[in-house]
1. If only one of Glu234, Glu227 is open to solvent by less than 20 Å² (accessible area, probe 1.4 Å), closer than 21 Å to Phe148 by Cβ and in contact with a Lys or Arg (Cβ under 8 Å, 6 or more places away or on another chain), which one is it?
2. Which of the residues belonging to region 44-64 are out of contact with any strand residue (DSSP E or B) (no Cβ under 6 Å at 6 or more places or on another chain) and open to solvent by less than 30 Å² (accessible area, probe 1.4 Å)?
3. Where residues in region 484-507 are open to solvent by 30 Å² or more (accessible area, probe 1.4 Å) and within 22 Å of the chain's Cα centre (by Cα), which of them is nearest to Gly421 (Cα to Cα)?
4. Test each condition in (1) closer than 21 Å to Asn360 by Cβ; (2) in contact with a Pro (Cβ under 6 Å, 6 or more places away or on another chain) for Ser64 and report the one that comes out false.
5. Does Ser215 satisfy the condition of being open to solvent by less than 40 Å² (accessible area, probe 1.4 Å), within 24 Å of Leu279 (Cα to Cα) and hydroxyl-bearing (Ser, Thr, Tyr)?
6. Select, from Ser145, Ser106, Ser178, the only residue that is under 15 Å from Ser458 (Cβ atoms) and hydroxyl-bearing (Ser, Thr, Tyr).
7. Go through Leu117, Leu72 for me and flag whichever is outside any loop (DSSP other than H, G, I, E, B), under 24 Å from Glu25 (Cα atoms) and not aromatic (Phe, Trp, Tyr).
8. Conditions first: (1) closer than 28 Å to Ala325 by Cβ; (2) buried (at least 22 other Cβ atoms within 10 Å of the Cβ). Gly418 passes all but one, so which condition is the exception?
Amino acid sequence: MMRALVLLALASPALAEPVVPVFTEETAVSGLATSFEGDWEYMVGGGVAAFDCSGDGKPELFLSGGAGTSALYLNRSPVGGALAFERTGALEMEAVLGAYPLDVDSDGEMDLVILRLGENRVMRGLGDCRFDPADWGFDGGDAWSTAFAAIWERGQDWPTLAIGNYVDRKEEAFPWGSCTDNWLHRPEGRGFAPPIPLTPSFCALSMIFTDWNRSGQWALRVSNDREYYKGGQEQMWHLEPGAAPRLYSEQEGWKRLRIWGMGIAAADVNRDGYQDYFLTSMADNKLQFLKDPASGLPDYADLAFKSGVTAHRPYTGGDFKPSTAWHPQFADVNNDGWLDLFVAKGNVAKMPDFAALDPNNLLLGRPDGTFVEAGDRAGVASMGIARGAQVVDLNLDGLLDLVVVNRWEPAQVWRQTGASGGNWVQVRLEQDGVNRDAIGAVVEIRRGEVVERHEVVSGGGHASGGMGWLHFGLGAETAAEMRVIWPDGGAGDWLELPEGTFQILRPDGEPMGWAPG
C-alpha cells in the first residue's frame, strides 16, 4: 500500500493544485422542498436516494422526511441546464430515515428499500415511477433502522439484504438505551426468509458489502456508533454460502477500532487494486488502507492525517469546535482522473461540545495521494445541519452535481457549472436474468501502468444510496481503458470507451452508446 503511494508521488514531481469545480446552488428554483424533521428519534438518518424510475436516464430523487413526509421528485432538468424537479405524490409516508434503490426481483424496474422508524418497507417498481408494497415475505420489523447493504450471494436468484438498527425503541431508557440487533435477510423462494439477527450489534449507522481481499467472497462491513462499554467496535462479518454469518476476529487480524461510526465510503483510492475505506465519525474520521494484501489479514492502517482528510473541525465559518461527519462519498468531482471526497457535516442537534457551524467538506484528490479542502471555494460549504447526500450527475452533462438532506431545513441542491479539470465517461452495467444491475461486479479502469478497481455496490454512505450511471473522470485522456469483472467472476475484454459518452456494458456484447433523449 505504501509502495503504491510512493509510486504515485514519484510520478508527479511537479504537483499542481487540483482544479476547483464551480457549483451553483439552485435549491430555490429546483422544486425540491422537503426537510428532514423530528426530534430524538430522528437525530440520525436523513437520507436521499438517486435513481432513474422514469426511463429517461436522468436520476429521480427520493427524499426522507423524518417526522414529516417523504417525497419522490421526477427529474425535469434539461440536459446541461438548470436543475428542475417535480413532486409526484408517490412514496409519501412518515417516519422515513433513508432509502436505497435496488432491483430486488430482477424485472428491470427499480425497486426501493425504505428505512423507517418502525416497519421498513420494500416498494416494488411498476414502471413510470409507480410503486406498490412488495409481497416478497420481507419482514420489516418495528425497529429504528439506519443502515443498509445488499449483495447477491453465490448461486442465489434473490439478493441478501442487511439492515442496520439503532437503539432499542422498547427500552425504558429510550432514546439513550441499548443497541438492538441488526438483521440479515437471506432469500427463500421468491422472497425472503425470516431475518437472522447479527449478534452482537452496536447501533449501526452504515454498512457495506465488500470483497476486501479480492477472494471473490464478499464480507459485510459495519460502522457502529455506540456501546463501547459493552465491547462495541467496528465490525466485519464473514458471509459464506449456506453458513451462518460470523464475525472476523482479532485472531484473524481484525483490529479493534472504536469511533462514533456514522458512514462508510469505499474506493480504490491509492490504486493498488484493493478497496480503501473512509469512515466518518465525530472529530475522528478515518481513511483505511490494507497494510499487506499478501498476508491475507484484514489489518488496516489509518492514513487520514497523512492524506489530509481528517476533516476533524470546520475549515471556515469561525466555529473551531470538533466536527460531526455523516455521509461520505468518493467521486471524481473535477474530472481530473483522481478521486475526490465529499463529506456531509452537521451537529446532531445542539450538542455544545461540537461545532454548530459545521460546513460540508469537498476534499480534492492529488496525484501524491493527498487531498486539499475546496468546499468553500467550490461553493458547497453549507452551514445546514446535514445528514445524507448524493454526488450524482443530475442533468447528464458529465459534471457531477450534489444534493444534501438537512435536518429541520429544506434539502439543498447544487449544479456544477464550470471549471472541469478534464474529460469523463459514464457507464451502466446490464446483464440478463438475476441481478440486472450487476451488484457485486468490479469495474477496472487502466490509468497508465496501474489499474484502479471499483466495486459496484448497494449500501454505504449514511442512509443514502444511488443506482445508475457510474462516472469516471479521465483528465486529459480522450478515451477510457476499462473492463468489467462480472458478479459470476467472468472478466470481460478490455474496452476503449471514448470520452464524453454514456456507455451501456453487457457481459455478452460490445459497448452500446447511449445519448440523453
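The values are calculated or read from the model by the stated rules, or taken from the named source; none is laboratory data. Owing to the predicted nature of the structure, the values given are computational and were not obtained by experimental measurement. Neighbour counts run over all protein chains shown; Cβ positions are idealised from the backbone, glycine included. Remember, those area values only see protein heavy atoms, side chains included, never the ligands or the DNA or RNA. Shrake-Rupley method; radii C 1.70, N 1.55, O 1.52, S 1.80 Å.
1. On inspection, the qualifying residue turns out to be Glu234.
2. Within region 44-64, Gly57 is the sole residue that qualifies.
3. Step by step, filter region 484-507, then rank; the result is Ile485.
4. Only one criterion is unmet by Ser64, namely (2).
5. No, not satisfied.
6. Ser106
7. Leu72
8. Result: Gly418 fails condition (2) only.
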